[in-house]
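Notes for the one structure printed next.
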Amino acid sequence: AQSVTQLGSHVSVSEGALVLLRCNYSSSVPPYLFWYVQYPNQGLQLLLKYTSAATLVKGINGFEAEFKKSETSFHLTKPSAHMSDAAEYFCAVSDKRDDKIIFGKGTRLHILP
Amino acid sequence: GAGVSQSPSNKVTEKGKDVELRCDPISGHTALYWYRQSLGQGLEFLIYFQGNSAPDKSGLPSDRFSAERTGGSVSTLTIQRTQQEDSAVYLCASSLGLGRFNEQFFGPGTRLTVL
């Protein structure tokens, strides 16, 4: 069965610094991978997704993620953090055999002024 | 008002009571999903609907949980004889169709507190 592991339930970065949120997946077949963001008191919003095309995926708000099969990773990055990036981020995986998306436990990103 | 809406936004109930949570999907979306979000546990898949049918109920945690969807639109998640461990945020999402090709749009959730 597919699964995702997000390293670090809380990550703090300074405003203007690099954001790196880690996600490793497990899937026996080529996966589809997603990053969602949840702002306070809001529902989840899709940031970006990997669907077996380009390995470097660009999303909204300046975020991007790179699919690395050899490392089974799909880390999320942003070159320069902004205060408005403070939120909870979820990595998710879906393989081609069913219609469910399996979410990680989430990483809460804190931006320090 | 084009997004997924859920009601109530907050629900406080006593242990043993039944609760009903409602989800109004985006108009035209045939697929509807329910998730449970517990503190530090991420999102737990509960059930999904394609139209009015639920081909996969495997995520429902116990027989106290049930869900229905009528008219291919509104869905209700019912929890009978609530327990304190049912306290969580219940999220609903809808998409144009099933599968990973279709982006899921999430509602704001219902925060359930069982005393």
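Laboratory data are not the source of any read-out in this text; all were calculated from the coordinates shown. Worth saying up front: this structure is predicted, and the values here are computed from it rather than measured. Cβ atoms come from the backbone with ideal geometry, glycine included; neighbour counts cover every protein chain shown.
Relative to the current alpha-carbon distance between A:T77 and A:Q45, full extension at 0.36 nm per residue lengthens the span by 9.9 nm.
Descending by average beta-carbon neighbour count within 10 Å, the peptides B:79-92, A:69-82 line up as B:79-92, A:69-82, the highest first.
Sorting B:102-108, A:30-36, A:59-65 by average packing, meaning the other beta carbons within 10 Å per residue, from highest down gives A:30-36, B:102-108, A:59-65.
Could you check the simple spin-label distance between B:T76 and A:S26, using points 7 Å along Cα→Cβ, in nm with one decimal? Those two pseudo-labels are separated by 3.9 nm.
Considering only the other residues whose Cβ falls under 11 Å of the Cβ of B:D63, what net charge follows from Lys and Arg at +1 and Asp and Glu at -1?
Once positives and negatives cancel, what remains is +3.
With contacts taken as Cα pairs under 8 Å at a separation of at least 6 residues, chain A carries a relative contact order of 38 percent. For B:T113, neighbours were defined as the other residues whose beta-carbon sits under 14 Å from its Cβ, and their charges (Lys and Arg +1, Asp and Glu -1) total +2.
Note on B:20-26: average number of Cβ atoms from other chains within 10 Å of each residue's Cβ is 0.
Among the listed pairs A:K49/A:K69; A:K100/B:K15; A:K78/B:K57; A:K58/B:K57, a Cα-Cα separation exceeding 26 Å is found for A:K100/B:K15; A:K78/B:K57; A:K58/B:K57. Mean per-residue shielding of peptide A:104-111 is 2, counting Cβ atoms of other chains within 10 Å of each Cβ. Within 10 Å of the Cβ of each residue in B:106-113, the mean number of Cβ atoms contributed by other protein chains is 3.
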